[in-house]
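The values are calculated or read from the model by the stated rules, or taken from the named source; none is laboratory data. Owing to the predicted nature of the structure, the values given are computational and were not obtained by experimental measurement. Note that each Cβ is placed from the backbone with ideal geometry, even for glycine, and that neighbours are counted across all protein chains shown. Quick note on the areas: whole protein, heavy atoms, side chains included, nothing else; ligands and nucleic acids left out. Shrake-Rupley method; radii C 1.70, N 1.55, O 1.52, S 1.80 Å.
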Amino acid sequence: MPSGRVRLLSVTGGWRLPVLPAVAGALIAAMVVAPTGPAAASPAHDQLRQWARAASGPASDTVDVTPPPMPGAVTSTDYPDGGAPHGAVGWPGVFEIAPPEVDPGDVEEYAWTFDSGITPATAARIPARPADRGATLTVSPPRDGINTLRVWSRNDSGRYSTTARTYTFSVRAPWGPAGRWTFEEAGGDAVDVSGHGNTAALDGSAARVPGRSGVGTALALDGSAAGTVTGPVTLTRPSESAAVPVRTDASFTVAAWARIGAPPGPAEQVVLAGNGTRTFSYSLSYAGGVDRWRFSMTGADADDPAVSSVPSDAVAVVGKWTHLAGVYDASTRTLTLYVDGVPQNTTTTLTTGFDAATDTTIGKRRWNGADDGFFTGAVDDVRIYDYLETPATLAQLAVPLQPAITFPNGTVVDVGGQLTVVFDAGGDTNVVKFRYSVDSTGLGAEVAATEPGGTATVTVGVGSHIGDWSLYAVAVDGGNRASGLARGQFTVVGQPYLTGAVIDVETFTPVVGATVRLEPGGFESVSSADGTYSFTGIPAGTYTVSTSHEGLCGSVTIDVSPAGVYFDLYLLPCAAT
């Protein structure tokens, strides 16, 4: 065929394919143009695509300009569609994505999202199965209440279906920890405050010490003592009647506050572990050899098993309360460590794992059949969840406690005066500053602590408004995380006073020169040219105000508040009184 000529190849079903001449060094392109109507679903459609995909060699390429068809139905037995809520936030569910009814072979991947603001190009993707071009998506819903999963088809040319398949379902609110121990008891074993009955038996030398910021108590461990929950941690989920174990071969989250003692030494020191008969399944620990916090899991309940670990980004700080959280996502077999609410840069995957059904230990682990890795320091607020806790919740667990607010010069201040305020972090060395505001929660002012975990003293002007006022403050750590809002109250008072006018009730004219007496106290004031009388600097209280002047008399009982009182004294002829 002469150079520059184009021949059209007709294919059954309405397809016409331009065939370009071979030119040395040129790119030969076959463009698949979709027909409309019945031809779109014809056997010729699939035949032509197969022919185009079979084109190979350095001088050929295929460009598919047609979007793939919309995915087939989305179904889930874990999260059925309809009104009733199922599962929970962080509880993984399986969602089956059926292939399109028309031309399923055109689908290479599926893009999916729960976020209505995400486009298919930026959504997460999952490959289609080679056998049927469908897909199985395992994911945890991001929020409680109504969730909508949107799914697009994607072909090998990178084009997405013009319409997303949507699947709407309802999710229960998170049910909280399966086990939680705060060590607030006066003595004895540690009660599971989650209400699921997982009591931790404490060894004799375990003790209670003041907790973070001096609030409550924490568990002090001396390197030889620990707490033990026999058997797996169990819980009864909402709408279920039987207790079920937290399985460590499924998705779970563990968290605790820990303060390593000094000197930490080179050994492994375990904050929390779930154990089998021979070894631990998971552990949150301090790794002395590398001076890092660490979340670890083992491959099998056997001696010297393979260990998968993720370390903290920074070294552990001796004597500093640190929040640790380990998250295992069974759908991806991924381990993630959070330190002070921040996911660490390193993650790893677990090839195999096992369910820790023997016991859960606080302050030690099991290794090669023996207790190992005893912790020296303090532990507080230990939590175990049977689902993937959200990053937002883990960040919230790591914020400082509220600061204490005190007024060293008292809570009563004169109008226009200055109020001295002290903020106290209670020794929590994570706290480096405070934010505060008067009579609003804007927190527009900031002051540094005298030292990490220390105090800060400020002086604020109270203005001219008399009455009760609030001062709000938060503690802020080195990562700029703020505590909950603390509130202190103070009262602004004026100089108590009583003032007004002496008035003749018959003429409604001011009475000049009347001697007004105030009892108790024996105070006197003479009305001025406009009839005004005034008492200032008197104590607040209940008084009798009276006068007698040129045959006119008046007397009344009145309460004088710290804010002062204005009161006109009306006089009648004395005989009438």
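How large is ³J(HN,Hα), in whole Hz, for each residue of segment 500-511 in order, when computed from phi with the Karplus curve 6.51 cos²θ - 1.76 cosθ + 1.60 and θ = phi - 60°, using x for Gly and Pro?
Per residue, the Karplus-derived 3J(HN,Hα) values read x, 10, 9, 10, 6, 6, 7, 10, 6, 10, x, 9 Hz.
Output wanted: per-residue J couplings in Hz (rounded whole) for segment 169-180, from phi through Karplus 6.51 cos²θ - 1.76 cosθ + 1.60, θ = phi - 60°, x for Gly and Pro.
Result, ordered by residue: 8, 10, 10, 5, 5, x, 8, x, x, 6, x, 8 Hz.
In whole percent, how big is the carbon plus sulfur part of the accessible area of the chain, probe 1.4 Å, protein atoms only?
Within the chain, the accessible surface is 54 percent carbon and sulfur.
Could you give me D for segment 92-232, from Stokes-Einstein at 37 °C and 0.692 mPa s, where the hydrodynamic radius is the Kirkwood radius over C-alpha pairs? Units µm² s⁻¹, please.
Answer from the Stokes-Einstein relation: 170 µm²/s.
Please compute the per residue accessible area over the chain with all protein chains in place, 1.4 Å probe, rounded to a whole number of Å².
Counting only protein heavy atoms, the per-residue value for the chain is 45 Å².
Calculate one ³J(HN,Hα) per residue across segment 137-144 by plugging θ = phi - 60° into the Karplus curve 6.51 cos²θ - 1.76 cosθ + 1.60, and present them in order as whole Hz with x for glycine and proline.
Result, rounded to whole Hz: 10, 10, 8, 9, x, x, 8, 7.
By what distance, in whole Å, do the Cα atoms of the chain stretch along each of the three principal axes, largest value first?
Principal-axis extents of the Cα atoms in the chain, largest first: 133, 71, 52 Å.
How do 306-313, 249-256 rank on mean C-beta neighbours within 10 Å, highest first?
Per-residue mean Cβ counts within 10 Å order the peptides as 249-256, 306-313.
For segment 185-248, with equal point scatterers placed on the C-alpha atoms only and solvent neglected, what are the log10 I(q)/I(0) values from the Debye formula at q = 0.16, 0.20 1/Å, to two decimals?
So the normalised log intensities work out to -0.65, -0.87.
With 10 Å bins from zero, work out the P(r) of segment 518-575 over every alpha carbon pair and list the percent per bin.
20, 56, 22, 2
Quick one: angle between helix 43-54 and the longest Cα principal axis of the chain, in degrees between 0 and 90, rounded to 10, please.
The two axes meet at around 90 degrees.
Would you compute the Debye intensity of segment 295-417 from its alpha-carbon atoms alone, equal scatterers and no solvent, and pass along log10 I(q)/I(0) at q = 0.14, 0.23 Å⁻¹ to two decimals?
-0.73, -1.63
Could you pull out every residue, at least 5 positions away or on a different chain, whose amide H is within less than 5 Å of the one on V502? Hs are placed 1.01 Å off N in the peptide plane, and Pro or chain starts have none.
V511, T532, Y533, L569
List the residues whose amide H sits under 5 Å from the amide H of R208, counting only those 5 or more places along or on another chain, with H placed 1.01 Å from N in the peptide plane.
A220
Mind listing the long-range amide H neighbours of R237? Cut-off is under 5 Å, sequence gap 5 or more, other chains count too, H placed in the peptide plane at 1.01 Å from N.
V244
Please report the base-10 log of the normalised intensity I(q)/I(0) for segment 244-369, using a Debye sum with one equal scatterer per alpha carbon and no solvent, at each q in 0.11, 0.21, 0.22 (1/Å).
Reported log10 I(q)/I(0), two decimals: -0.32, -1.22, -1.33.
Would you mind putting 209-222, 271-284 in packing order, based on average other-beta-carbon counts within 10 Å, highest first?
Result, highest mean first: 271-284, 209-222.
So, with +1 on the Cβ of K and R and -1 on the Cβ of D and E, and no other charges, what is the size of the charge dipole of the chain about its Cα centre, to the nearest 20 debye?
Dipole magnitude for the chain comes out near 2360 debye.
Along Cα→Cβ, 7 Å out, is where each label goes; now give me the distance between the ones at D304 and S224 in nm to one decimal.
3.0 nm
Just to confirm my numbers, what's the Cα centroid distance between segment 215-288 and segment 373-407 in Å?
Distance between centres, Cα-based: 14 Å.
Based on alpha-carbon positions alone, could you give the equivalent ellipsoid semi-axes of segment 318-389 from the gyration tensor, as √(5λ), descending, whole Å?
21, 19, 12
Of P562, S312, T536, which is farthest along the charge dipole of the chain in the positive direction, counting Lys and Arg as +1 and Asp and Glu as -1 at C-beta?
Working it through, the farthest residue towards the positive pole turns out to be S312.
Note down the relative contact order for segment 284-397 as a percent, whole number, built from C-alpha pairs under 8 angstrom at least six residues apart.
22 percent
May I ask which residue of I118, G176, S140 lies farthest towards the positive end of the charge dipole of segment 113-229, with charges of +1 (Lys, Arg) and -1 (Asp, Glu) on Cβ and the Cα centre as origin?
I118
Give the peptides 186-196, 544-554 in descending order of average Cβ contacts within 10 Å, highest first.
Sorting 186-196, 544-554 by mean packing, highest first, produces 544-554, 186-196.
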